[in-house]
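Colleague: Before I ask anything, let me first share the structure, which is written out below as C-alpha cells.
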Amino acid sequence: MNDYRTFALTTVDNPFNPFIDFDNWFLFDCEKDYYSLNKLARLTKVDDSMSSKEEAKEVERAIERLIEIDPLNMYIKVYKPGFEPNSKPKQPNEGIMKVD
C-alpha cells in the first residue's frame, strides 16, 4: 500500500507536476475550471478514526473511482518521483509517471 502522499490526481493537459510545483499545478487546474481536488474530496470518505494507512487506501480508491467515472478521460493518477510501482528510487526532481 502506498502512502497517499506518493500518488496524486491530475489531468492529462496539466503541464505542472503536483509534487514539485503544486501552486502552478493548482492554478492551472482552477483556471480550467476542473477543481480536481474538490471532486476528489466529494468522493473520499475519511474520518478522524482512520489510520494513515486507511486514509491512503481511501484516497487511492477515490482517485481510481474518479478516473473510472470521468466521461472525458482527462483524469490520471500520477506517482511521486521515485515511488512508482516496481521502480528504483529516482532523483527528487525527475518527472512523473502517468498511470492509465
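The values are calculated or read from the model by the stated rules, or taken from the named source; none is laboratory data. If you're wondering where the values come from, they're calculated on a predicted model, not measured in any experiment. Ideal geometry is used to build each Cβ from the backbone, glycine not excepted, and the neighbour counts take in all protein chains shown.
Colleague: Can you work out which of the residues in segment 47-72 that are among the aliphatic types (A, V, I, L, M) and closer than 16 Å to residue 8 by Cβ is surrounded by the fewest Cβ atoms within 10 Å (Cβ to Cβ)?
Modeller: Among those that are among the aliphatic types (A, V, I, L, M) and closer than 16 Å to residue 8 by Cβ, it is 67.
Colleague: Working carefully through the options 16, 28, find the one that is surrounded by 15 or more Cβ atoms within 10 Å (Cβ to Cβ) and not in a helix (DSSP H, G or I).
Modeller: Every option except 16 fails the conditions.
Colleague: Please verify whether residue 88 is at pLDDT 75 or above and of a type in the set (Lys, Arg), treating the condition exactly as stated.
Modeller: No, not satisfied.
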